[in-house]
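Undergrad: Below are the structure tokens for one structure; questions will follow.
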Amino acid sequence: MSTTPQTELWRRAAQTRQATALAHPNIAFIKYWGNQNDNLRLPANPSLSMNLASLHAITTVQFDDSRPADSLTINGQPVTGPGLARVSTSLDLIRAEAGLKLPAQVTSASNFPVGSGIASSAAAFAALAVAGAAAAGLPASGSSLSRLARRGSGSASRSVPAGYCEWLTGSDETSVATSIAPPEHWDLRDVVVVVSQAHKAVGSTGGHSLAATSSLQAARVAGAADRLAACKAALLARDLPAMGAVIEEDAVIMHGVMMSSRPPLYYWTPETMAIIQATQQWRADGLPVYFTIDAGPNVHLICDAAHAAQVEAAARQIAGVQRVLVSGPGGAARLIDR
Ligand code: DP6
């Protein structure tokens, strides 16, 4: 999309107070659920994910003293209220670090459908952090960009580095994501099986604050580092059966916490369960594929590139499946030439 070097784009952004960034959403193999500090988005446990190359958000930030206040447009629609306030909070962090007082115009668009079972906030806040920091003249530091993205949406921290990324627990300064392997390390596929495009009754932010009301959350958090270590070792060794077993376990443990929260969060529908059972049958029949599920009913089927077409075709046969999206591993959030 852009051949201009990043250093040149960062230089121009600081000069013109304007920048455009592209970021991919990510799918977590080891889940983030619950915070130690909701305000700072310091997670209860470390997590691990893969960026999704075929999907992206593109965001432009322009600091402009002729504007009365921040403004936001998403996919061509002006956004006010809580949506704009959340973006302004991220911009305030950037402005404070840069010693800047200018309002900003933010324009964002994504190439994936809303309600497709992909968390749009990860790509959107990663792109906002990169474009906003560049336009404000901040340095292109991966860890501070991941931190800025995290403050907007926790999982966005993992959309800043490339490929397969681990987000650590820690303090506001140290809880950032780093790449553990580039996208070229392993040509995995996320086959996203969409069974509902309805807006969730309780989104991730509301869900995180309920996590601690489940008596299972302490056990989930206590085991997360071991599951992450097992997942990371299997990922680095390109061992899909070992990785698949731990990602399924981790997703089901997270949903156990959700279902046992007060009030409970039941994201699964009968179609979700049908796909879980189909996945077990496909595996018994020799097709190497494993599931994971985020805060919604849609199922992400993880397999290698060689089996993706077969997995996609099998998923389309299941009653109630509305659409199927397929993506390989994606790169880092970055500035693009506009
Ligand atoms: C289930 O990052 O969307 O997808 O920080 O409130 O924006 P906020 O939450 P978010 O939570 C993601 C939850 C998850 C698991 C994961 O991606 O790790």
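Undergrad: Choose one answer from A98, A119, A224: the residue with the largest mean-square fluctuation in a GNM of the chain with alpha-carbon springs under 10 Å.
TA: A98
Undergrad: Something else about it: Would you please classify the overall shape of the chain from the alpha carbon gyration tensor, given that a ≥ b ≥ c denote the square roots of the eigenvalues, rounded means a/c under 1.5, and beyond that prolate means a/b larger than b/c while oblate covers the rest? Present the calculation step by step, with values, prior to reporting the outcome.
TA: Values: a/c = 1.71, a/b = 1.55, b/c = 1.10.
In terms of gyration-tensor shape, prolate.
Undergrad: May I pose another question? Report the charge-dipole magnitude of the chain in Debye, nearest 20, computed about the Cα centre from +1 at each Lys and Arg Cβ and -1 at each Asp and Glu Cβ.
TA: On the way: 25 positive and 24 negative charges, 120 e Å.
Its charge dipole is roughly 580 debye.
Undergrad: A further question follows. Could you work out the relative contact order of the chain? I mean the mean sequence separation of Cα pairs under 8 Å and 6+ apart, divided by the number of residues, in percent.
TA: Values: 765 pairs, mean separation 84.4, N = 338.
Computed over the chain, the figure is 25 percent.
Undergrad: Any idea what angle helix 217-236 forms with the longest principal axis of the chain, computed on alpha-carbon atoms, 0 to 90 degrees, nearest 10?
TA: Around 90 degrees separate the two axes.
Undergrad: Ok, one more. Listed highest first by mean packing, meaning other Cβ atoms within 10 Å per residue, what order do 145-152, 248-255, 189-196 come in? Walk me through the intermediate numbers first.
TA: Numbers: 145-152: 26.0, 248-255: 20.4, 189-196: 24.0.
For the peptides 145-152, 248-255, 189-196, the packing ranking is 145-152, 189-196, 248-255.
Undergrad: Only Cα pairs within less than 10 Å get springs; with that Gaussian network setup on the chain, which residue of V79, V160, V61 has the largest fluctuation?
TA: It is V79.
Undergrad: For K200 and S143 in one chain, what is 0.36 nm times their gap in residues minus the Cα-Cα distance, to one decimal in nm? Present the calculation step by step, with values, prior to reporting the outcome.
TA: Values: separation 57, 0.36 × 57 = 20.52 nm, distance 3.12 nm.
Length gained between K200 and S143: 17.4 nm.
Undergrad: Just check the stretch 226-294 against the gyration tensor rule for me: Cα atoms, a ≥ b ≥ c as the square roots of the eigenvalues, rounded for a/c under 1.5, and otherwise prolate or oblate depending on whether a/b exceeds b/c.
TA: On the way: a/c = 3.77, a/b = 1.31, b/c = 2.88.
The shape class here is oblate.
Undergrad: I'd like to check one number: the per residue accessible area of the chain, probe 1.4 Å, reported in Å² as a whole number. Write down the numbers at each step before the final one.
TA: Numbers: 13560 Å² over 338 residues.
Result: 40 Å² per residue.
Undergrad: Roughly what angle does helix 6-16 make with the longest principal axis of the chain, taking Cα atoms, 0 to 90 degrees, to the nearest 10?
TA: Compared with the principal axis, the helix lies near 40 degrees.
Undergrad: Moving to a separate point now. Could you point to the residue in V311, A21, W33 farthest towards the positive end of the chain's charge dipole, with +1 and -1 charges on the Cβ of Lys/Arg and Asp/Glu respectively?
TA: A21
Undergrad: Let me ask something else about it. Shape verdict for the stretch 165-240, please, from the Cα gyration tensor: rounded (a/c under 1.5), prolate (a/b greater than b/c) or oblate.
TA: Values: a/c = 1.78, a/b = 1.21, b/c = 1.47.
It is oblate, given that a/c is not under 1.5 and a/b is not larger than b/c.
Undergrad: Please compute, for the alpha-carbon atoms of the stretch 188-327, the extent along each of the three principal axes and give them in descending order in Å.
TA: Principal extents (Cα only, largest first): 41, 35, 24 Å.
Undergrad: Identify, among L91, S171, L265, the residue whose Cα sits farthest towards the positive end of the charge dipole of the chain, taking +1 on the Cβ of Lys and Arg and -1 on the Cβ of Asp and Glu, with the dipole about the Cα centre.
TA: The listed residue farthest towards the positive side: L91.
Undergrad: For K200, which lysines qualify as cross-link partners when the Cα separation must be under 29 Å and same-chain residues fewer than eight apart are set aside?
TA: Excluding near neighbours in sequence, the set is K31.
Undergrad: For the chain, with a Gaussian network of springs between Cα atoms less than 10 Å apart, report the residue from L210, L128, L52 with the top mean-square fluctuation.
TA: Evaluated over the chain, the most mobile residue of the options is L210.
Undergrad: Let me ask something additional. Which FRET efficiency value, to the nearest 0.05, do you get for T178 and A284 by plugging their Cβ-Cβ distance into 1/(1 + (r/R0)^6) with R0 = 30 Å? Don't skip to the end; give the middle numbers.
TA: Numbers: r = 37 Å, r/R0 = 1.23.
E between T178 and A284, to the nearest 0.05, is 0.20.
The values are calculated or read from the model by the stated rules, or taken from the named source; none is laboratory data. Predicted model only: the values in this text are computed from it and were never measured. Because the Cβ atoms are built from the backbone with ideal geometry, glycine has one as well, and the counts that use them run over all protein chains shown. Ligands, DNA and RNA are stripped out before the accessible areas are found, and what is left, the full protein with its side chains, is counted by its heavy atoms. Shrake-Rupley method; radii C 1.70, N 1.55, O 1.52, S 1.80 Å.
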